[in-house]
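The values are calculated or read from the model by the stated rules, or taken from the named source; none is laboratory data. Owing to the predicted nature of the structure, the values given are computational and were not obtained by experimental measurement. For neighbour counting, all protein chains shown are included, and Cβ atoms are generated from backbone atoms with ideal geometry for every residue, glycine included. For accessibility, only protein heavy atoms count, side chains too; no ligands or nucleic acids. Shrake-Rupley method; radii C 1.70, N 1.55, O 1.52, S 1.80 Å.
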Amino acid sequence: MRIKVTVKDNNLVPGLAGIPAAESAISYIDGQVGVLEYRGLPIEVLAEKSTFEEVCWLLLYGKLPTQAELDTFKQQLVEQRAVPQKVFDLLAALPADGHPMAALSIGYNALGMTSAPCNVLDSAARQLAYAQLIASTPVLIAAHSRLRQGKKVVPTDPKLDIAADFLWMLNGEKPADLVARVLDVALILHADHTMNASTFTGRVVASTEADPYAVCAAAVGSLSGPLHGGANERVLQQLEKIGSAAAVPAWLDKQLADKGKIMGFGHRVYKTKDPRATCIQGLVREMFAQHGTTPIYDTALKLEECVLERLGDKGIHPNVDFFSGIVYQKMGIPTDVFTPIFAIARVAGWLAHWDEQMQDNRLFRPSQIFVGLRGVTYTPIAER
Ligand code: ACO
């Protein structure tokens, strides 16, 4: 006997769009007018006045640090940049053409295996993990990037802040002040963004009382997809494929006729321009004025103009990823390292959400709407 179950009360919301998954005091978005705040502070103000380290503290502890608190935190971050040699050896053994997001996920798990166990129910123990995961993320990414090219790992420079030190470890050259500042601001802009896919993933894993390495490794997997953090890589590939500003209108016509997505545009929450895109666009302008423009930038500006003409009425505007890839390319960063840079920033948000989840934890266990068969009779294999 086979009974086909039919759904009478279908209240499924695909993608859980608009369904609250938690109460959170970390960041706030008003997608209609384009507002993003971290702990009540507008993103534009933080981008102008703050640093990534200060923003990490703000997200994790709920307020801006005093000078003494910031100094202590920065010292902890420097000490925690020490990644065990065993972890570097593991990164060196990975396939050279594998994606750096996979290497980061492996790096987090390996770090967990070489660290003392973390009592996730103890807030002091959780605080110890913050510094280790924030500080080690850029080290893991830069080391993997060099090792896969057969180059030596560049040791961290304790005098440099996270953004400048990452560029140093990646390229083996000290970055210009403006370049380091632009990356620092990009990190600020990407540090948290309410209940996005990777943060939700992290909170689900956290709710099982898994350790913070597992939380971050799972969140990295979620961030890697092209509809989330992976979009910044796809934006560059898309602009390279278009080739020039003059080719934009014809390319866009075809893309829309084929019902293809325009990478770097649209957002589940923003129905106007992503405020982070506005901040990063200002930096792009400054960097290109100082260091010269590129054809890809001209193509991007034309694409923005044409997409707004065609899709602006639908609420499709550039998101932060539209401009971040262009900036990173200008810094000489390999395209497949763009999404890992997103992780350098977002790990702060993941950890803040981990802490919030653990303060009042309940295991995530949603329900489903069953649409399969029931009561099926087992057929022996010879009779199928
Ligand atoms: N290009 C073309 N059309 C688009 C785009 C786009 N980038 N984004 C949305 N649309 C269209 C949809 O096809 C849909 O059209 P329809 O009404 O005719 O069916 C309409 O706009 C509404 O869009 P939704 O699908 O409801 O938007 P949703 O909230 O599901 O998707 C998403 C958001 C996934 C980000 C989508 O805009 C997209 O795929 N963008 C490209 C990838 C990208 O840039 N991702 C980065 C997101 S930001 C981040 O992760 C930091």
So for the range 316-325 (the condition being away from the ligand (no atom under 12 Å from the Cβ), within 24 Å of the chain's Cα centre (by Cα) and either farther than 28 Å from Glu286 by Cα or crowded, with 16+ Cβ neighbours inside 10 Å (or both)), does at least one residue qualify?
no
Would you mind finding the one in Arg310, Arg346, Arg374, Arg365 that is basic (Lys, Arg), within 12 Å of the ligand (Cβ to nearest atom) and open to solvent by 20 Å² or more (accessible area, probe 1.4 Å)?
Arg310
Could you count how many residues in the range 331-364 are more than 30 Å from Tyr61 (Cβ to Cβ) and out of contact with any helix residue (DSSP H, G or I) (no Cβ under 9 Å at 6 or more places or on another chain)?
0
Flag if Ala116 is more than 20 Å from the chain's Cα centre (by Cα) and either surrounded by fewer than 17 Cβ atoms within 10 Å (Cβ to Cβ) or modelled with pLDDT of 95 or more (or both):
yes
Give the range 264-276 a look and list any residue that's open to solvent by 40 Å² or more (accessible area, probe 1.4 Å) and either near the ligand (Cβ under 7 Å from one of its atoms) or over 14 Å from Leu308 (Cα atoms) (or both), or say none.
His267, Arg268, Val269
Going by the structure shown, is Gln132 crowded, with 16+ Cβ neighbours inside 10 Å and within 30 Å of Tyr28 (Cβ to Cβ)?
yes
Given Ser198, Ser244, Ser224, which one is among the hydroxyl-bearing types (Ser, Thr, Tyr), within 12 Å of the ligand (Cβ to nearest atom) and open to solvent by 40 Å² or more (accessible area, probe 1.4 Å)?
Ser224
Taking the stated definitions as given, is Asp192 crowded, with 20+ Cβ neighbours inside 10 Å, within 14 Å of the ligand (Cβ to nearest atom) and acidic (Asp, Glu)?
yes
Going through the range 24-65 one residue at a time, which ones are without any contact (Cβ under 8 Å) to a residue 40 or more places away in the chain and in a loop (DSSP other than H, G, I, E, B)?
Arg39, Gly40, Gly62, Lys63, Leu64, Pro65
Restrict the check to the range 248-256 and report whether at least one residue is touching a Cys at 6+ places or on another chain (Cβ under 7 Å) and of a type in the set (A, V, I, L, M, F, W, C).
yes
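Residue by residue, here is whether (1) within 11 Å of the ligand (Cβ to nearest atom); (2) of a type in the set (Ser, Thr, Tyr); (3) open to solvent by less than 20 Å² (accessible area, probe 1.4 Å) holds:
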site	(1), (2), (3)
Asp211	no, no, no
Cys216	no, no, yes
Asn232	yes, no, yes
Gln237	no, no, no
Glu240	no, no, no
Gln255	yes, no, no
Thr278	no, yes, no
Leu301	no, no, no
Test: residue in the range 285-306 that is assigned to a loop (DSSP other than H, G, I, E, B) and under 29 Å from Gly202 (Cα atoms)
no
Let me spell it out: the conditions are (1) in contact (Cβ under 8 Å) with a residue 60 or more places away in the chain; (2) over 25 Å from the mean Cα position of the chain (by Cα), and Ala250 meets all of them except one. Which number is the exception?
(1)
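A quick yes/no check of all residues on (1) of a type in the set (Lys, Arg); (2) open to solvent by 80 Å² or more (accessible area, probe 1.4 Å); (3) on the phi < 0 side of the Ramachandran plot; (4) outside any helix (DSSP H, G or I):
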{"position": "Ala68", "(1), (2), (3), (4)": "no, no, yes, no"}
{"position": "Gln76", "(1), (2), (3), (4)": "no, no, yes, no"}
{"position": "Arg81", "(1), (2), (3), (4)": "yes, no, yes, yes"}
{"position": "Lys86", "(1), (2), (3), (4)": "yes, yes, yes, no"}
{"position": "Asp89", "(1), (2), (3), (4)": "no, yes, yes, no"}
{"position": "Leu104", "(1), (2), (3), (4)": "no, no, yes, no"}
{"position": "Gly107", "(1), (2), (3), (4)": "no, no, yes, no"}
{"position": "Ala110", "(1), (2), (3), (4)": "no, no, yes, no"}
{"position": "Val120", "(1), (2), (3), (4)": "no, no, yes, yes"}
Does Glu209 satisfy the criteria of being charged (D, E, K, R), modelled with pLDDT under 95 and more than 11 Å from the chain's Cα centre (by Cα)?
no
